[in-house]
1. Within segment 296-312, work out how many residues are more than 10 Å from ligand 1 (Cβ to nearest atom) and without any contact (Cβ under 8 Å) to a residue 60 or more places away in the chain.
2. Just need a number here: residues in segment 138-162 that are closer than 22 Å to Lys178 by Cβ, away from ligand 2 (no atom under 16 Å from the Cβ) and under 26 Å from the mean Cα position of the chain (by Cα).
3. Do we have Ala256 as over 14 Å from Pro239 (Cα atoms) and touching a residue at least 12 places away in the same chain (Cβ under 8 Å) here?
4. Would you check which residues across segment 259-287 are assigned to a loop (DSSP other than H, G, I, E, B) and away from ligand 1 (no atom under 11 Å from the Cβ) and list them?
5. Taking the criterion of being within 14 Å of ligand 2 (Cβ to nearest atom), open to solvent by 10 Å² or more (accessible area, probe 1.4 Å) and within 14 Å of the chain's Cα centre (by Cα), would at least one residue in segment 283-296 satisfy it?
6. Quick check on Leu169: is it modelled with pLDDT of 95 or more, closer than 25 Å to Thr305 by Cβ, surrounded by 20 or more Cβ atoms within 10 Å (Cβ to Cβ) and not acidic (Asp, Glu)?
7. Being more than 19 Å from the chain's Cα centre (by Cα) and open to solvent by 50 Å² or more (accessible area, probe 1.4 Å) is the requirement here; does Asn67 meet it?
8. I'd like to check something: does segment 225-233 contain any residue that is open to solvent by 50 Å² or more (accessible area, probe 1.4 Å), on the phi < 0 side of the Ramachandran plot and within 16 Å of ligand 1 (Cβ to nearest atom)?
Amino acid sequence: MQKMRASDRKNISLLRKEVIIYMFIGIAGFLIILLGFILKPPQTYYKLKDVALGTYVNIVIGSNKINPERIAKAILDELKRLTVKFDPRNPKSIIHKINEANGDWVSVDEETFTLIKASIRFAQITDGAFDPTLGKLIELWGFDVMKPHLPTDDEIKETLKHSGYKNVLFDDKNMRVKLLNGIKLDLGGIAKGYALEKARQIAKSFDPDVTGFVEAGGDIRIIGPKFGREPWVVAIKDPRKEEPTDFIYLLDGAVATSGDYERFFEMNGRRYHHILDPKTGYPARGTWSATVIAEDAVTADALATAAFVLGKDWRFVVLEFPKLRGHVMLVLEGGTIKKSDTFKLFEREE
Ligand code: ADP
Ligand code: MG
């Protein structure tokens, strides 16, 4: 057997030293990670289900600083406050007051002024596909009281004259609103989005690091990533089947879906639903559902309603909606699916 040279022996002892150092680093790293988990347990979520905004709401909140139950309850209170405030049928609502003012100027609070202005802006941007002045038509169809019926062509034509977003006047200086031509406001296509946006703001005011989401009738506002790092997986309802048609992954932002399956009745083999085409006064045809992902819930809600109405006018949608950072998926009549390129980015986990 050959004898080891002194330099070889030295190398081996150096190697041993290195192995020991690496092992030490490895064990220390493992202990640090373990300690991290012990000291900061994975967040658990407080869940609150209730009814508000004319639909089911689902509040899911996680916070390491504040009792999440307190945050969820504050959110629910806010959703209930807004349900009353923007419901045109409720005599306590500001929308009711404006609608019943017989064309006079009405002084409103800042929140109302801002929301009505935003709704008119969405009408302008969507070339009137979104129109918050369809109050009279919605009443005529009976969708406001959940007792829909089929009006005559003449009734629709006549009522259509008392709609149109250009009939809303603003007095910026005195924060007043005035309706012309006997129109009535109905913010049903945007108020839910606004309420979800407020819900997030309230949660953040309790704890800036709060996570979770708020859902109202299928529209969702993300409050923060799951456990602070993972996307929430959102199922998009298939307008004609029970199982979802798609899944999207959201770390932040909002998603809204407008569909012909939410509130409708059928007569002579035709489906009449609650999203009206402001140009005809009839339920918008050609679309089964429209889903929009956006950075905030107001944009998602308003654009989903607009995309539903625009439906077949896909070119307008893909040209205009990216300007508002709206990512769209449509299920057209018959089941054909259209997606904007940017929508596809949300279909996989990053
Ligand atoms: P949902 O409330 O079922 O989620 P939407 O967000 O699309 O659906 O809102 C539909 C509501 O918006 C209707 O119930 C009505 O109050 C109102 N609305 C109907 N048609 C329009 C329209 N073209 N533009 C704006 N609002 C509309
Ligand atoms: Mg909407």
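1. Counting residues in segment 296-312 that are more than 10 Å from ligand 1 (Cβ to nearest atom) and without any contact (Cβ under 8 Å) to a residue 60 or more places away in the chain gives 2.
2. Looking only at that region, the number is 1.
3. When the stated conditions are applied, Ala256 does not pass them.
4. Hits for segment 259-287 are Asn268, Gly269, Arg285, Gly286.
5. So far as segment 283-296 goes, yes, one or more of its residues are within 14 Å of ligand 2 (Cβ to nearest atom), open to solvent by 10 Å² or more (accessible area, probe 1.4 Å) and within 14 Å of the chain's Cα centre (by Cα).
6. no
7. So Asn67 fits the description; yes.
8. No: segment 225-233 contains no residue that is open to solvent by 50 Å² or more (accessible area, probe 1.4 Å), on the phi < 0 side of the Ramachandran plot and within 16 Å of ligand 1 (Cβ to nearest atom).
The values are calculated or read from the model by the stated rules, or taken from the named source; none is laboratory data. Since the structure is predicted, the reported quantities are computational estimates derived from the model, not experimental observations. We place every Cβ from the backbone using ideal geometry, glycine too, and count neighbours over all the protein chains shown. Note: areas computed on protein heavy atoms with side chains; ligands, DNA, RNA excluded. Shrake-Rupley method; radii C 1.70, N 1.55, O 1.52, S 1.80 Å.
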